[in-house]
Each structure stands twice: as structure tokens, then as C-alpha cells.
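Okay, so here's the structure we're looking at.
The values are calculated or read from the model by the stated rules, or taken from the named source; none is laboratory data. The model shown is predicted, which means the values in this text are computed figures rather than measured ones. So basically every Cβ, Gly included, is an ideal-geometry build from the backbone, and we count neighbours across all protein chains shown. Surface areas here come from the heavy atoms of the whole protein model, side chains and all, with no ligands, DNA or RNA. Shrake-Rupley method; radii C 1.70, N 1.55, O 1.52, S 1.80 Å.
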Amino acid sequence: MKILVLGGNGFIGSHLVDKLLLEGHSVRVFDKNEEHYRKRLAGVEYHVGEFGNRGVLSDALNSIDVVVHLICTTLPKTSNDDPVFDMQSNVIETLFLLEQCRANNIKKIIFASSGGTIYGIPQILPVGEEDQTNPICSYGISKLTIEKYLHLFKKLHGLDFVIIRPSNPFGPRQNPLGIQGVIPVFLGKILRNEPIQIWGTGDIVRDYIYIDDLIDAFYNTIINKTTSHIYNIGSGKGHSLNDLLSIMKKVTKHDLSVSYTSSRAYDVPEIYLDINRAYRELNWEPHKTLEEGIKQTWDFVSNLPVQEK
Ligand SMILES: NC(=O)c1ccc[n+]([C@@H]2O[C@H](COP(=O)([O-])OP(=O)(O)OC[C@H]3O[C@@H](n4cnc5c(N)ncnc54)[C@H](O)[C@@H]3O)[C@@H](O)[C@H]2O)c1
């Protein structure tokens, strides 16, 4: 199959590209940046461009079977700072993408939505795909809006789609100096002997999914016809930040310095995903335990060149 990965040089994209190459697919990447940790890969056709650059994007769609849309210009943390930018750069440009998919007879589009933000504060746990969606940040609203347009384009034009709602993916090639991904960020701080700052009491509960498990789910939806259009992909288990810290202490064998400050309004207090639909319909389940995943991520962070950790 000929697959275009939008945002293929990012954390999730780089792992997906590896998997697609391994399985013998023809891979094209569209991204405004190069991969952070690796040089260009043989066998991948790269198109460098800004998502909003419609000409370059249209060229990248030429003779593609499946599009995987991983570009996102905002983060849950920062999206509320400028909702206009969030809407314009994500929703409007994705609408253009959908129009182009239609024009190019794309067979299917896979969209990375957000299991962590789209539901808002869940009414029940674990939260399932059919539960209420009341996002409390602009990022979640943009993701939900794009989801709605995917449904519309299927209804109006027959464009097939799958929405993946990942929980909190983590693993190698997630930037320990970045602002997303508590696991690599905390591990980086442990390595540098810096204090870890926790917003609130550390009781916030999240669902952490190791990157290889997430990629298996993406791959599955790319190559198979799916029964449903939306899949939660997570571990199905909730872990507090304090749980993470105790696992990190065990894995790294370092003493941790932790400071607790006031909580943030956009943080959902507790969320973990019901993954039964993916289990039943995709024949998928996560394999890596949180501790094993943290160990792999620690190996990655520890082995980075000094300026990168
Ligand atoms: N990592 C997470 O915790 C998480 C959780 C749920 C959903 N997601 C979603 O999964 C997708 C991929 O996430 P990720 O963690 O790999 O992010 P990432 O930031 O590592 O990768 C995104 C890639 O998109 C590219 N990109 C961003 N804006 C662009 C633009 N305007 N034009 C062209 N390229 C652009 C970046 O250069 C980067 O290579 C995103 O849509 C994100 O919202 C991520």
C-alpha cells in the first residue's frame, strides 16, 4: 500500500513509519521539520512543508492509498492561549485536506484524535467511545470538530476514515526537554538531578500507553477494514503521577526531588479509557507494562547525547 504520514517525523509518526517500512509498504512523509533524533530513512519519500501550504500538501497526496493524519499545531496545555490559531491551523487546514483526499480518491484517512481531552471530565470510568464528549480545552474541541467533519465527509462523499483516540503515549524519541509527555520529561529531570514539579497533589490519574502498542493499533486500522470508526487506544488502566514517580524511582535507582504546586484548571482529574472495542474488533491489546515501558524510555533518555537529555 502507498501510505502518506502527515507529521511522520514526530514522535508517533517516526514509530509508525518504522512499522510501515518493516511491513513492506511504500511510505511518504509530509512534515515541516526533520526527525529530531534520526537522519532521513532510506526508502521514505519526504515532502517538506507547512500544513497550511496547500500546494505542497496537494502534491504529497498524489497516488496515495491511505493518509494518516498526525499533524497538530497545538498542545492541550497551550491551545487555550489562542483558540483562533488552534481552529484555523488545525480544523480549517484539515477541512482542506479532506477536500483534497476526496479529489485524489484517497481510500481511507486515519486521524489521531485525543482520548485524554475529548471526553472532558468523564461521567464514568473507564470512559468508552460512546460516552459524552465535553472537552475543557481548545485542543479537545478542535479534535472533536475534526472528528465530526470526518463523519460528514463519509456521509456526503464516501471518504472512509478511522479515528484513533490515544490516551497518553510514551516511549523512546519523545523529547525529555519538551513540554509534552510527563514520562520522558520526568526521566530527563531525574537524569539531570533537577526537581520534578507536580501541579496539584500528584493524585491526577492518567492512562499511559507504550508507543509500540499504540503503533500496532494504528497499523491494524490502516490495513484492515474496521467495524467501527472510533477506537480508544490506551492501557485501560489508570495510574496517578505519584504511581509514576514510585515506578521511576525503582527503574532509575535515583532519589527523586519532587515539589508540589497548585493544580491547573484544564487538567482532568482522573481518566482512563475503556479499550474493549479495540480488543474485540481490532483483535488488539496492549502488551507492555508501565514499568517495562518506563525502563525502555529510561534507556533511551540515558543514552542521548549530553545536550539532548
Ligand atoms: N503524544 C501524545 O501525548 C498524544 C496523545 C494523543 C493524541 N496525540 C496526537 O497524535 C498526533 C501526533 O502526536 P506526536 O506526539 O507524534 O506529536 P509530535 O509533535 O511529536 O509530531 C507532530 C509532527 O507534526 C509536525 N507538524 C506540526 N505542525 C505542523 C505544520 N503546521 N505543518 C507541518 N508539519 C507539522 C511536527 O513537525 C512533528 O514532526 C498529534 O495529532 C497529537 O495531537 C498525541
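Mind listing which trypsin sites (Lys or Arg not before Pro) in segment 18-89 are in a DSSP loop and have 14 or fewer other Cβ atoms within 10 Å? Let's see the in-between values first.
Details: sites: Lys19, Arg28, Lys32, Arg38, Lys39, Arg40, Arg54, Lys77; in loops: Lys32, Arg38, Lys39, Arg40.
Those that pass, being in a loop and sparsely packed, are Arg38, Lys39, Arg40.
Of the accessible area of segment 218-309, computed with a 1.4 Å probe over protein heavy atoms only, carbon and sulfur atoms account for 47 percent. In this structure, Val84 and Asn224 have a Cβ-Cβ separation that, at R0 = 35 Å, corresponds to a calculated FRET efficiency of about 0.40.
So what is the relative contact order for the chain, in percent, with contacts set as C-alpha pairs under 8 Å and at least six apart? List each step's numbers first, then the result.
Details: 596 pairs, mean separation 54.7, N = 309.
Once normalised by length, the contact order is 18 percent.
Ligands, DNA and RNA are left out, and with a 1.4 angstrom probe the accessible area of the chain is 45 Å² per residue.
Quick one: compute the contact order of segment 1-78, relative version, from alpha carbon pairs under 8 angstrom and 6+ residues apart, as a percent.
Details: 124 pairs, mean separation 30.4, N = 78.
Relative contact order comes out at 39 percent.
Classify segment 62-149: rounded, prolate or oblate, from the alpha-carbon gyration tensor (a ≥ b ≥ c, eigenvalue square roots; a/c under 1.5 rounded; otherwise prolate if a/b is larger than b/c)? Oblate, because a/c is 1.5 or more while a/b does not exceed b/c. For the pair segment 174-189 and segment 1-58, the centres of their Cα atoms are 23 angstrom apart. Near Ile141: Cβ cut-off under 12 Å, other residues only, Lys/Arg at +1 and Asp/Glu at -1. The net charge is 0.
The calculated FRET efficiency for the pair Ser26 and Phe96, based on their C-beta separation and a Förster distance of 25 Å, comes to about 0.55. Taking Cβ atoms as reference points and 14 Å as the exclusive limit, the residues near Trp199 contribute a net charge of +1, counting Lys and Arg as +1 and Asp and Glu as -1.
Can you give the FRET efficiency for Glu291 and Leu41, using 1/(1 + (r/R0)^6), R0 = 25 Å, r = Cβ-Cβ distance, to the nearest 0.05? E(calc), rounded to 0.05, equals 0.25.
Annotation: peptides 257-267, 292-302, 4-14, ranked by per-residue average of other Cβ atoms within 10 Å with the highest first, follow the order 4-14, 292-302, 257-267.
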